[in-house]
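*Asks:* The structure's right below; bear with me while I get my questions together.
The values are calculated or read from the model by the stated rules, or taken from the named source; none is laboratory data. None of these values were measured; they are calculated from a predicted model. Methodologically, a virtual Cβ is constructed for each residue, glycine included, from the backbone with ideal geometry; neighbour enumeration extends over all protein chains shown. These area figures cover heavy atoms from the full protein model, side chains too; ligands, DNA and RNA do not enter into them. Shrake-Rupley method; radii C 1.70, N 1.55, O 1.52, S 1.80 Å.
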Amino acid sequence: MSTSQLVVQHLPYLRRYARALTGSQVAGDAYVAATLETLVNEPDTLGRSTNIKADLFRVFTRIWNSLSVNGRSEQVQHDLPAEVRLGQITPLPRQAFLLSCLEGFSEEDAAIILGVDVSEVRDLVDEAGRELAADMATEILIIEDEPLIAMDLEALVEGLGHNVIGVARTRTEAIKIAGEGKRPGLILADIQLADGSSGLDAVNDLLKTFEVPVIFITAYPERFLTGERPEPAFLIAKPFQPANVSAVISQALFFQQTARRREAKTA
C-alpha cells in the first residue's frame, strides 16, 4: 500500500482527534486540511518510518502547536473559534490525554508525536485528567437501545461523578425524557436505535429547544467523517473503551464550561 493510501486510511481518525482537541468540526477539519497541504508541499515530512499513522499525527501536532505557541489565534478566530480558548489553557497535557485515551497510541508513540520522552507523557496524561475532571459534574441523557451498553455507559458516567437523568431506547423516548423537565448537560447518543429511528434525528429534535454538547456512539465512525455534510464534533467508536468515553466526555464538557465562562464575562 502506498504512503498516500495509508494516509487516507488513517485520515478519519486524525479528523476525530482534531475535532476532540478543538471542540469543533470546522476548527478540527481546518487543521487537518493544513496538515494535508503540508504533506503535499513537503512530501518528505512523514519521514521514512513504518508508522505512518504516528507520523501523520506528528505533522498535525507540529502545525497545531505552532499556531498556539506563536500567538496567532487572532488570524484564525473567525474560522477556528476554539483556538482562542485553547490558547488560554495548557494544551500539551490535553494532547497527551487524547492521544493515549481516545486514539489508543502507546506511550512511546505519543512521545514521538509530541516530541517529549515517555515519562513526560505519563505526567502529562495525569495532569490532564486532573485538569479536565475539575468541577464538571453534570446531568447526562443516554440514548442507547442495547441494554448492556446502556448499563455500561450509565455505570461509567456515574463513576465519573455525573448523574444519569434517563436512558432512552428510541427517538420518542428521548424527547419524552427531555420534555419532562429533565434537561441534560450532556447527551450520549447511539445513531441506530431500537425502532429503526435515528439518534441523529433525536438529538436534532432536542437541540431545537436547548443547546448542550453531544457525543455520538457508532460502530462506523468513518461514515460520519466524510466532509460531505455537517457532522458530529464528538464521535466514539463501538466497541468503546472506558478511557475513550472518559476522554471525550471531559473534552465536550470542557468546551461547554469554557463557553459559559466567556459568555458570563461578556454579559
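*Asks:* For the condition open to solvent by less than 50 Å² (accessible area, probe 1.4 Å), under 16 Å from Leu21 (Cβ atoms), modelled with pLDDT of 85 or more and part of a strand (DSSP E or B), what is the one hit in Ile249, Ile215?
*Replies:* Working: Ile249 fails: part of a strand (DSSP E or B).
Checking each option against the conditions leaves just Ile215.
*Asks:* As an exercise: evaluate Gln192 against (1) at pLDDT below 90; (2) closer than 19 Å to Ile236 by Cα; (3) buried (at least 18 other Cβ atoms within 10 Å of the Cβ) and give the number of the one condition it does not meet.
*Replies:* (3)
*Asks:* Cβ-Cβ under 7 Å, sequence separation 6+ or interchain: first residue in region 28-47 and without any contact (Cβ under 8 Å) to a residue 60 or more places away in the chain, partner open to solvent by 30 Å² or more (accessible area, probe 1.4 Å) and in a helix (DSSP H, G or I). Which pairs?
*Replies:* Leu46/Thr3
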